[in-house]
Amino acid sequence: MSGKRLSILSALIGMLVLTGTAARAETPSFRVLVFSKTTGFRHDSIPDGVAAIQKLGREHGFAVDATEDATRFTDQNLARYRTVVFVSTTGDPLDQPEEKAAFQRYIEHGGGYAGVHAAADSGYTWPWYRDLVGAYFLSHPAQQDATVDVVGQGAPSNRGLPRHWTRFDEWYNYQTNPRDAGVRVLMTLDEHSYDPGPDAMGDHPISWCHRYDGGRAWYTGMGHTKESYTDPLFVRHLLGGIEMSAGVTRFPCDADETGGA
(Lines give C-alpha, C1' and ligand atoms only; values in the text may rest on other atoms or scores of the structure.)
Protein backbone atom coordinates (compact mmCIF):
# COMPACT_ATOMS: atom_id res chain seq x y z
CA MET A 1 0.00 0.00 0.00
CA SER A 2 1.34 3.43 -0.91
CA GLY A 3 2.35 5.97 1.67
CA LYS A 4 -0.45 8.28 0.56
CA ARG A 5 -3.07 5.57 1.06
CA LEU A 6 -1.63 4.73 4.47
CA SER A 7 -1.89 8.39 5.48
CA ILE A 8 -5.52 8.57 4.36
CA LEU A 9 -6.37 5.31 6.17
CA SER A 10 -4.65 6.53 9.33
CA ALA A 11 -6.56 9.81 9.18
CA LEU A 12 -9.87 7.98 8.75
CA ILE A 13 -9.15 5.70 11.71
CA GLY A 14 -8.26 8.75 13.80
CA MET A 15 -11.51 10.45 12.90
CA LEU A 16 -13.50 7.34 13.85
CA VAL A 17 -11.72 7.10 17.20
CA LEU A 18 -12.36 10.78 17.94
CA THR A 19 -16.01 10.47 16.91
CA GLY A 20 -16.48 7.47 19.17
CA THR A 21 -14.78 9.21 22.07
CA ALA A 22 -16.95 12.32 21.61
CA ALA A 23 -20.11 10.20 21.48
CA ARG A 24 -19.16 8.45 24.71
CA ALA A 25 -18.36 11.79 26.37
CA GLU A 26 -21.78 13.16 25.40
CA THR A 27 -23.67 10.18 26.81
CA PRO A 28 -24.91 11.15 30.29
CA SER A 29 -24.08 8.75 33.10
CA PHE A 30 -27.54 9.22 34.67
CA ARG A 31 -30.56 11.50 34.51
CA VAL A 32 -32.00 13.83 37.17
CA LEU A 33 -35.46 15.39 37.39
CA VAL A 34 -35.49 18.79 39.10
CA PHE A 35 -38.92 19.73 40.44
CA SER A 36 -39.63 23.24 41.74
CA LYS A 37 -43.40 23.71 41.75
CA THR A 38 -44.79 25.86 44.58
CA THR A 39 -48.32 26.37 45.88
CA GLY A 40 -47.20 28.40 48.89
CA PHE A 41 -44.36 30.87 49.39
CA ARG A 42 -42.09 31.05 46.35
CA HIS A 43 -38.35 31.56 46.82
CA ASP A 44 -36.77 33.92 44.33
CA SER A 45 -33.67 31.71 44.42
CA ILE A 46 -35.44 28.82 42.66
CA PRO A 47 -34.19 29.76 39.16
CA ASP A 48 -30.66 30.01 40.57
CA GLY A 49 -30.97 26.58 42.15
CA VAL A 50 -32.25 25.00 38.94
CA ALA A 51 -29.51 26.68 36.91
CA ALA A 52 -26.83 25.50 39.34
CA ILE A 53 -27.97 21.89 39.04
CA GLN A 54 -28.07 22.16 35.25
CA LYS A 55 -24.50 23.49 35.34
CA LEU A 56 -23.44 20.62 37.60
CA GLY A 57 -24.95 18.21 35.10
CA ARG A 58 -22.94 19.70 32.25
CA GLU A 59 -19.74 19.65 34.28
CA HIS A 60 -20.15 16.17 35.75
CA GLY A 61 -21.76 14.26 32.92
CA PHE A 62 -25.37 13.77 34.02
CA ALA A 63 -28.54 14.93 32.30
CA VAL A 64 -30.94 17.35 34.00
CA ASP A 65 -34.60 17.88 33.17
CA ALA A 66 -36.31 20.71 35.06
CA THR A 67 -40.07 21.00 35.45
CA GLU A 68 -42.89 22.49 37.48
CA ASP A 69 -45.42 20.22 35.77
CA ALA A 70 -46.64 17.72 38.36
CA THR A 71 -48.33 15.61 35.69
CA ARG A 72 -44.86 14.35 34.79
CA PHE A 73 -45.00 12.26 37.96
CA THR A 74 -46.05 9.02 36.27
CA ASP A 75 -44.56 5.55 36.49
CA GLN A 76 -43.30 5.70 32.92
CA ASN A 77 -41.65 9.12 33.17
CA LEU A 78 -40.12 8.71 36.63
CA ALA A 79 -38.50 5.44 35.54
CA ARG A 80 -36.13 7.55 33.40
CA TYR A 81 -34.47 9.16 36.45
CA ARG A 82 -32.01 8.03 39.09
CA THR A 83 -33.16 10.78 41.44
CA VAL A 84 -35.70 13.59 41.77
CA VAL A 85 -34.55 16.88 43.31
CA PHE A 86 -37.20 19.02 45.02
CA VAL A 87 -35.85 22.61 44.97
CA SER A 88 -37.72 24.73 47.55
CA THR A 89 -41.10 23.27 46.71
CA THR A 90 -43.81 24.59 49.01
CA GLY A 91 -47.43 23.83 49.82
CA ASP A 92 -48.80 20.81 47.97
CA PRO A 93 -46.83 20.57 44.71
CA LEU A 94 -48.07 17.05 43.99
CA ASP A 95 -51.76 17.74 44.52
CA GLN A 96 -53.30 14.78 42.69
CA PRO A 97 -53.53 11.31 44.27
CA GLU A 98 -52.14 9.63 41.14
CA GLU A 99 -49.05 11.89 41.22
CA LYS A 100 -48.37 11.06 44.86
CA ALA A 101 -48.91 7.36 44.21
CA ALA A 102 -46.52 7.34 41.25
CA PHE A 103 -43.80 9.06 43.30
CA GLN A 104 -44.25 6.60 46.15
CA ARG A 105 -43.92 3.66 43.75
CA TYR A 106 -40.81 5.25 42.27
CA ILE A 107 -39.17 5.40 45.71
CA GLU A 108 -40.37 1.88 46.57
CA HIS A 109 -38.64 0.61 43.43
CA GLY A 110 -35.29 2.08 44.48
CA GLY A 111 -35.51 5.68 43.26
CA GLY A 112 -33.78 8.64 44.83
CA TYR A 113 -34.96 11.88 46.41
CA ALA A 114 -32.93 15.02 47.21
CA GLY A 115 -34.68 17.85 49.04
CA VAL A 116 -33.34 21.39 49.12
CA HIS A 117 -34.36 23.99 51.74
CA ALA A 118 -38.16 24.49 51.47
CA ALA A 119 -38.67 20.94 50.26
CA ALA A 120 -39.41 20.46 53.98
CA ASP A 121 -42.16 23.10 53.68
CA SER A 122 -44.25 20.79 51.49
CA GLY A 123 -46.75 17.96 51.67
CA TYR A 124 -48.25 18.77 55.06
CA THR A 125 -51.21 16.45 54.48
CA TRP A 126 -49.00 13.61 53.20
CA PRO A 127 -47.34 11.73 56.09
CA TRP A 128 -45.38 9.50 53.71
CA TYR A 129 -43.65 12.58 52.30
CA ARG A 130 -42.85 13.89 55.79
CA ASP A 131 -41.14 10.61 56.56
CA LEU A 132 -39.30 10.69 53.23
CA VAL A 133 -37.88 14.16 53.97
CA GLY A 134 -37.32 13.42 57.65
CA ALA A 135 -39.13 16.41 59.21
CA TYR A 136 -41.46 19.27 58.40
CA PHE A 137 -40.47 22.95 58.56
CA LEU A 138 -41.65 24.86 61.62
CA SER A 139 -40.15 28.38 61.59
CA HIS A 140 -37.06 30.43 60.93
CA PRO A 141 -35.43 33.51 62.46
CA ALA A 142 -33.99 36.38 60.42
CA GLN A 143 -31.36 35.43 57.87
CA GLN A 144 -27.92 35.55 59.45
CA ASP A 145 -24.50 33.96 59.70
CA ALA A 146 -24.31 30.67 61.59
CA THR A 147 -21.79 27.90 62.08
CA VAL A 148 -22.56 24.50 60.60
CA ASP A 149 -20.82 21.54 62.23
CA VAL A 150 -20.00 19.01 59.52
CA VAL A 151 -20.33 15.71 61.39
CA GLY A 152 -21.17 13.05 58.78
CA GLN A 153 -17.81 11.44 58.08
CA GLY A 154 -17.64 9.61 54.76
CA ALA A 155 -20.68 11.27 53.18
CA PRO A 156 -19.91 12.61 49.67
CA SER A 157 -22.05 15.70 50.34
CA ASN A 158 -19.65 16.63 53.16
CA ARG A 159 -16.44 15.96 51.27
CA GLY A 160 -14.03 18.90 51.10
CA LEU A 161 -16.03 21.06 53.52
CA PRO A 162 -14.57 22.67 56.66
CA ARG A 163 -15.35 20.91 59.92
CA HIS A 164 -16.91 24.15 61.20
CA TRP A 165 -18.51 25.98 58.28
CA THR A 166 -19.73 29.55 58.82
CA ARG A 167 -22.17 30.81 56.21
CA PHE A 168 -25.16 33.13 55.70
CA ASP A 169 -28.58 31.56 55.09
CA GLU A 170 -32.12 31.26 56.38
CA TRP A 171 -31.93 28.68 59.13
CA TYR A 172 -34.93 26.40 59.53
CA ASN A 173 -36.30 25.03 62.76
CA TYR A 174 -38.23 21.78 62.29
CA GLN A 175 -41.41 20.45 63.85
CA THR A 176 -39.61 17.29 65.02
CA ASN A 177 -36.00 16.22 65.30
CA PRO A 178 -35.23 14.20 62.15
CA ARG A 179 -33.18 11.82 64.27
CA ASP A 180 -36.53 10.48 65.46
CA ALA A 181 -37.21 9.34 61.87
CA GLY A 182 -34.04 7.23 61.89
CA VAL A 183 -31.95 9.44 59.63
CA ARG A 184 -28.18 9.75 59.67
CA VAL A 185 -27.39 13.36 60.53
CA LEU A 186 -24.66 14.85 58.32
CA MET A 187 -24.58 18.45 59.58
CA THR A 188 -25.85 20.27 62.65
CA LEU A 189 -26.24 23.94 63.53
CA ASP A 190 -24.35 25.43 66.44
CA GLU A 191 -27.18 27.38 68.04
CA HIS A 192 -24.63 29.35 70.10
CA SER A 193 -23.34 30.88 66.85
CA TYR A 194 -26.61 32.62 65.90
CA ASP A 195 -30.06 33.52 67.22
CA PRO A 196 -32.39 30.59 66.42
CA GLY A 197 -35.46 32.34 67.81
CA PRO A 198 -38.09 30.93 70.18
CA ASP A 199 -38.19 27.55 68.40
CA ALA A 200 -34.54 26.67 69.10
CA MET A 201 -34.05 22.92 68.84
CA GLY A 202 -30.91 22.42 70.93
CA ASP A 203 -29.76 19.43 68.93
CA HIS A 204 -30.30 20.98 65.50
CA PRO A 205 -29.71 18.83 62.39
CA ILE A 206 -29.59 20.80 59.12
CA SER A 207 -28.59 18.08 56.62
CA TRP A 208 -29.25 14.36 56.75
CA CYS A 209 -29.91 11.22 54.72
CA HIS A 210 -31.54 7.83 55.11
CA ARG A 211 -32.85 4.80 53.30
CA TYR A 212 -36.60 5.06 53.11
CA ASP A 213 -39.29 2.73 51.79
CA GLY A 214 -36.95 1.06 49.31
CA GLY A 215 -35.24 4.23 48.08
CA ARG A 216 -32.62 6.81 49.05
CA ALA A 217 -33.36 10.24 50.56
CA TRP A 218 -31.01 13.17 51.21
CA TYR A 219 -31.92 16.64 52.47
CA THR A 220 -30.23 19.97 53.11
CA GLY A 221 -31.90 22.84 54.93
CA MET A 222 -29.57 25.33 53.28
CA GLY A 223 -30.15 27.07 49.95
CA HIS A 224 -32.53 29.94 50.66
CA THR A 225 -30.37 32.66 49.13
CA LYS A 226 -29.47 33.22 45.49
CA GLU A 227 -25.85 33.52 46.54
CA SER A 228 -25.87 29.92 47.80
CA TYR A 229 -25.91 28.65 44.24
CA THR A 230 -22.66 30.36 43.30
CA ASP A 231 -20.93 29.45 46.58
CA PRO A 232 -18.41 26.74 45.64
CA LEU A 233 -18.74 24.99 49.01
CA PHE A 234 -22.53 24.88 48.92
CA VAL A 235 -22.53 23.76 45.29
CA ARG A 236 -20.09 20.97 46.23
CA HIS A 237 -22.46 19.96 49.05
CA LEU A 238 -25.39 19.94 46.62
CA LEU A 239 -23.53 17.87 44.03
CA GLY A 240 -22.63 15.28 46.64
CA GLY A 241 -26.25 15.06 47.78
CA ILE A 242 -27.54 14.59 44.24
CA GLU A 243 -24.99 11.86 43.54
CA MET A 244 -25.75 10.15 46.86
CA SER A 245 -29.49 10.14 46.24
CA ALA A 246 -28.91 8.86 42.70
CA GLY A 247 -26.94 5.93 44.04
CA VAL A 248 -23.88 6.67 41.90
CA THR A 249 -21.58 7.23 44.88
CA ARG A 250 -21.38 6.07 48.49
CA PHE A 251 -24.60 6.31 50.47
CA PRO A 252 -23.44 5.90 54.10
CA CYS A 253 -26.82 6.74 55.55
CA ASP A 254 -27.78 4.21 58.17
CA ALA A 255 -28.59 6.02 61.40
CA ASP A 256 -25.68 4.45 63.30
CA GLU A 257 -23.10 4.65 60.51
CA THR A 258 -19.89 6.53 61.16
CA GLY A 259 -18.25 5.71 57.83
CA GLY A 260 -14.76 6.42 56.57
CA ALA A 261 -13.46 9.12 54.33
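For region 41-59, state whether one or more residues are at pLDDT 95 or above, charged (D, E, K, R), surrounded by 15 or more Cβ atoms within 10 Å (Cβ to Cβ) and over 22 Å from TRP218 (Cβ atoms).
yes
In region 111-128, which residues are under 25 Å from THR249 (Cα atoms), in a helix (DSSP H, G or I) and not small (Gly, Ala, Ser)?
HIS117
Do you know which residues across region 87-109 are open to solvent by less than 50 Å² (accessible area, probe 1.4 Å) and in contact with a Gly (Cβ under 6 Å, 6 or more places away or on another chain)?
VAL87, THR90, GLY91, ILE107
When you check ARG236 against the structure, is it more than 20 Å from VAL50 (Cβ to Cβ) and of a type in the set (Lys, Arg), yes or no?
Considered against the rule, which asks whether it is more than 20 Å from VAL50 (Cβ to Cβ) and of a type in the set (Lys, Arg), ARG236 comes out as no.
Would you check which residues across region 222-261 are under 17 Å from GLY160 (Cβ atoms) and among the small types (Gly, Ala, Ser) and list them?
Matches in region 222-261: SER228, GLY240, GLY241, GLY259, GLY260, ALA261.
So, THR83, is that one in contact with a helix residue (DSSP H, G or I) (Cβ under 7 Å, 6 or more places away or on another chain), surrounded by 14 or more Cβ atoms within 10 Å (Cβ to Cβ) and at pLDDT 95 or above or not? Give the steps one after another, and end with the answer.
Values: in contact with a helix residue (DSSP H, G or I) (Cβ under 7 Å, 6 or more places away or on another chain): yes; surrounded by 14 or more Cβ atoms within 10 Å (Cβ to Cβ): yes; at pLDDT 95 or above: yes.
Taking the combined requirement at face value, the residue satisfies it.
What is the residue count in region 220-257 for residues that are over 16 Å from PHE30 (Cβ atoms), open to solvent by 10 Å² or more (accessible area, probe 1.4 Å) and assigned to a loop (DSSP other than H, G, I, E, B)?
7
Which one is surrounded by the most Cβ atoms within 10 Å (Cβ to Cβ) among residues in region 157-202 that are within 16 Å of MET222 (Cβ to Cβ) and polar (S, T, N, Q)?
The qualifying residue surrounded by the most Cβ atoms within 10 Å (Cβ to Cβ) is SER157.
Count, please, the residues in region 110-128 that happen to be touching a residue at least 60 places away in the same chain (Cβ under 8 Å) and open to solvent by 10 Å² or more (accessible area, probe 1.4 Å).
Total satisfying the criteria: 3.
Taking the criterion of being among the aliphatic types (A, V, I, L, M) and within 20 Å of ASP213 (Cβ to Cβ), would at least one residue in region 48-55 satisfy it?
Looking through region 48-55, none of the residues is among the aliphatic types (A, V, I, L, M) and within 20 Å of ASP213 (Cβ to Cβ).
State whether the residues of region 83-104 include one that is under 18 Å from PRO196 (Cβ atoms) and not in a helix (DSSP H, G or I). Spell out the reasoning first.
Within region 83-104, the first condition is being under 18 Å from PRO196 (Cβ atoms), and the residues that meet it are none.
Checking region 83-104: not a single residue is under 18 Å from PRO196 (Cβ atoms) and not in a helix (DSSP H, G or I).
Would you tally the residues in region 129-142 being hydroxyl-bearing (Ser, Thr, Tyr), open to solvent by 10 Å² or more (accessible area, probe 1.4 Å) and not in a strand (DSSP E or B)?
Qualifying residue count, region 129-142: 1.
Looking at region 60-80, which of the residues that are of a type in the set (D, E, K, R) and open to solvent by 50 Å² or more (accessible area, probe 1.4 Å) is nearest to VAL235 (Cα to Cα)?
Looking only at region 60-80, we keep the residues that are of a type in the set (D, E, K, R), and these are 65, 68-69, 72, 75, 80.
Add one more test, that the residue is open to solvent by 50 Å² or more (accessible area, probe 1.4 Å), and what stays is 68-69, 72, 75, 80.
Numbers: GLU68: 22, ASP69: 25, ARG72: 26, ASP75: 30, ARG80: 24 Å.
The selected residue is GLU68.
The values are calculated or read from the model by the stated rules, or taken from the named source; none is laboratory data. Keep in mind that what you see is a predicted model, and the values were worked out from it rather than measured. Methodologically, a virtual Cβ is constructed for each residue, glycine included, from the backbone with ideal geometry; neighbour enumeration extends over all protein chains shown. The protein model used for the area step is the full one, side chains on, heavy atoms only, and it has no ligands, DNA or RNA in it. Shrake-Rupley method; radii C 1.70, N 1.55, O 1.52, S 1.80 Å.
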